[in-house]
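Structure record follows, encoded as structure tokens.
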Amino acid sequence: MHLLRSRMRLIRFVSHNEPLANPFTEPLSVCPMDTYFPSHTPHLNLAATCPETQALGPGLRTALWVQGCPFRCQGCIAPDWLPLKLATLVSPAELAERILASPVTGLTLSGGEPMLQADALAELVALVRSRRSIDVICFTGFHFEQLLSRPAPMRLLAQLDLLIDGPYLPELNDDLGLRGSSNQVFHHLTDRLAGYDFASLPRKLEVFLSDGQAFLVGLPPNSFSQAFNSALSQVRSYVRA
């Protein structure tokens, strides 16, 4: 998945071309989800978290990015989150407590590819919802129809209010909405978020500075990369002086 799927990380605009089975054109048997993260895995493997954000859906929400993705979208700014490797392991129960410690009303799942850790994410959502009513948005590079025959993704789909599906295609980036490119589809799996116009709302972006690094949460407008990198260069020149 890609840049405008929203991330929290040191900004790096790159193209990642590591060869891998392409789930957009190959059947799921070529890149089975169970090969990456078996459905019985008891922990989530996280690349990053943002306890509170207003840039990735309505209201105040927690955002999670899982580690590992089978896709190689042109323009991805999070190549470190693509490898299927150990990052930060946390149990659904522990993560649920962290989420509930904040007054959030929503949860956004991204990555990486959330469907590779569908069972653990489904357990997480169920634990949070057993104590608080929240809405849940999930991004995936898979197409919705591809997920319907897979037991673990189906369990996660049953917990979602909104699924945003499909690969990021830079040539279809229209600089609008809570999606990276216009080919991506909003699937309202419940009516909880039906009143929101996710396709045409202005993109939001939050920038966090920590330990000399700049982290992004949200969907940067198309003009952001050049402006941000220019600003960073000016700051570095000032510090060196």
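Give me the residue from the range 55-85 that is small (Gly, Ala, Ser) and at pLDDT below 95 and, out of that set, surrounded by the most Cβ atoms within 10 Å (Cβ to Cβ). Selected residue: ALA78. Taking the numbered list (1) charged (D, E, K, R); (2) touching a residue at least 60 places away in the same chain (Cβ under 8 Å); (3) touching a Ser or Thr at 6+ places or on another chain (Cβ under 8 Å) in turn, ASP161 passes all entries but (2). So VAL14 passes all but one of these: (1) over 15 Å from PRO114 (Cβ atoms); (2) in contact with a helix residue (DSSP H, G or I) (Cβ under 8 Å, 6 or more places away or on another chain); (3) modelled with pLDDT of 80 or more. Which condition number does it fail? Status for VAL14: all satisfied but (3). Of the residues making up the range 50-77, those that are under 12 Å from the mean Cα position of the chain (by Cα) and of a type in the set (S, T, N, Q) are THR62, GLN67.
May I ask you to say which residue of ASN173, ASN229 is in contact with a helix residue (DSSP H, G or I) (Cβ under 7 Å, 6 or more places away or on another chain), at pLDDT below 90 and not β-branched (Val, Ile, Thr)? Before you say what the answer is, go through the steps one by one.
On the way: ASN229 fails: in contact with a helix residue (DSSP H, G or I) (Cβ under 7 Å, 6 or more places away or on another chain).
Going through ASN173, ASN229 in turn, just one is in contact with a helix residue (DSSP H, G or I) (Cβ under 7 Å, 6 or more places away or on another chain), at pLDDT below 90 and not β-branched (Val, Ile, Thr): ASN173.
Okay, residues lined up against (1) out of contact with any Pro (no Cβ under 9 Å at 6 or more places or on another chain); (2) assigned to a strand (DSSP E or B); (3) charged (D, E, K, R); (4) closer than 17 Å to ALA63 by Cβ:
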| site | (1), (2), (3), (4) |
| --- | --- |
| LEU163 | yes, yes, no, yes |
| LEU176 | no, no, no, no |
| ARG179 | yes, no, yes, yes |
| PHE186 | yes, yes, no, no |
| ARG203 | no, no, yes, yes |
| LEU209 | yes, yes, no, no |
| VAL217 | yes, yes, no, yes |
| PRO220 | yes, no, no, yes |
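Filtering the range 194-222 to residues that are surrounded by 14 or more Cβ atoms within 10 Å (Cβ to Cβ), more than 25 Å from ALA48 (Cα to Cα) and in contact (Cβ under 8 Å) with a residue 24 or more places away in the chain leaves only TYR196. A single member of ASP175, ASP119 is in contact (Cβ under 8 Å) with a residue 40 or more places away in the chain, of a type in the set (D, E, K, R) and surrounded by 19 or more Cβ atoms within 10 Å (Cβ to Cβ), and it is ASP119.
The values are calculated or read from the model by the stated rules, or taken from the named source; none is laboratory data. Small disclaimer: the values here were computed from a predicted structure and weren't measured. Cβ: placed from backbone, ideal geometry, glycine included. Neighbour counts: every protein chain shown.
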